[in-house]
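Notes follow once the structure below has been shown.
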Amino acid sequence: MGQPACFLYPRMALRTSLIDMSQQPKVLVIDDEPGVRELISESLSLSNMTAVQATDGLEALSLLRREKFDLLILDINMPKLDGLALLEKLRAEGASVPVLMLSARADKADINQGLRTGADDYLTKPFSIEELVLRVKAILRRSKGEVAEVKILTCGPISMDFSKYSVKFNDQLIDLSPTEFKLLEQLILNRGNVVTKETLLSEVWEIDFKSSSTVVDTYISYLRKKLHVDGYEGIKTVRGIGFQIVAD
């Protein structure tokens, strides 16, 4: 079998170190294509992660009931129980495990539904295996909820409390995902100034190479839906450059 069509880069030639397997992040790879599962799993293993495979949503659900995972890589289009249905079921049950969605379709409706349901990030096929591994590492770091040196950040009606990992709008708690929290942090740290898309990709998603991803625009739209209330419209688009946040 040749290399799966959804990857643009060849297999990475990486060296692994001898480390305690119990300390490695444990990732569940859920995809109905054997070649895709194998290539993703091999790449994660070469990056010092433990990869477990599931062929569809039902098998994944069974594994999740028995084992604890640090992250899911979840394909949308699968038989029996598709990725969106699985994600919705997990979030309804209160599971907070981070999720990176994969989709063969650049269908914004699917992507938006996944993000609304609680996915932390997404990649559309074709994508590079290098970018996938970088996204996985970034999500794992964000999910740890490391507390920054600055305890409180504010911008107009918005306040971020890093000791509680919470966001308030005029004293009302706003529920943000780890990715949304990190994006808002970068905007407020640079409040009043324009932050380029390239900077946000680097600081939030740790993508330090040229990418055509629209993930920044997608997450900006979700921040606006949650924070543009009571007449406040402080998250601005500077066309062709990036975004800024202002107090009013």
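Only the coordinates and a few stated rules stand behind these numbers; no lab work does. Everything quoted here is computed from the prediction, not taken from an experiment. So basically every Cβ, Gly included, is an ideal-geometry build from the backbone, and we count neighbours across all protein chains shown.
Modelled label positions at Lys236 and Ala92, each set 7 Å beyond Cα in the direction of Cβ, lie 4.3 nm from each other.
Angle of helix 108-117 to the longest C-alpha principal axis of the chain, folded into 0 to 90 degrees and rounded to 10: 80°.
For the chain, find the longest principal axis of its Cα atoms and tell me its angle to the long axis of helix 83-92, 0 to 90°, nearest 10. Roughly 60 degrees between the two axes. Relative to the longest principal axis of the Cα atoms of the chain, the long axis of helix 129-143 lies at roughly 50 degrees. Placing one equal scatterer on every Cα of the range 191-243 and applying the Debye formula, the log10 ratio I(q)/I(0) at q = 0.17, 0.26 Å⁻¹ is -0.55, -1.12.
If you add up the charges near Asp32, with Lys and Arg at +1 and Asp and Glu at -1, over every other residue whose beta carbon is less than 12 angstrom from its beta carbon, what do you get? Mind showing how you got there, number by number?
On the way: positive: Arg37, Lys80; negative: Asp31, Glu33, Asp56, Glu59, Asp75, Asp82.
Net charge around Asp32: -4.
Across 5 Å bins from the origin, how do the percents of Cα pairs in the chain run, short distances first? Reading upward from the zero bin: 1, 6, 13, 17, 19, 16, 12, 9, 5, 2, 0, 0. Taken along the Cα-to-beta-carbon direction at a fixed 7 Å, the label points for Lys108 and Lys26 span 3.9 nm. So if a site counts as exposed when it's one of the GluC sites (Glu not before Pro), its DSSP state isn't H, G, I, E or B, and it has at most 13 other Cβ atoms within 10 Å, what's the longest stretch of the chain without one? Longest stretch, sites excluded: 150-232.
Taken over the range 44-191, lysine pairs spaced eight or more positions apart, or on distinct chains, with alpha carbons under 17 Å apart number 12.
Averaging over all projection directions, the Cα-based convex hull of the range 152-245 occupies 5.8 nm² in the image plane.
Summing charges over all other residues whose Cβ lies under 10 Å from the Cβ of Lys80, with Lys and Arg as +1 and Asp and Glu as -1, gives -4.
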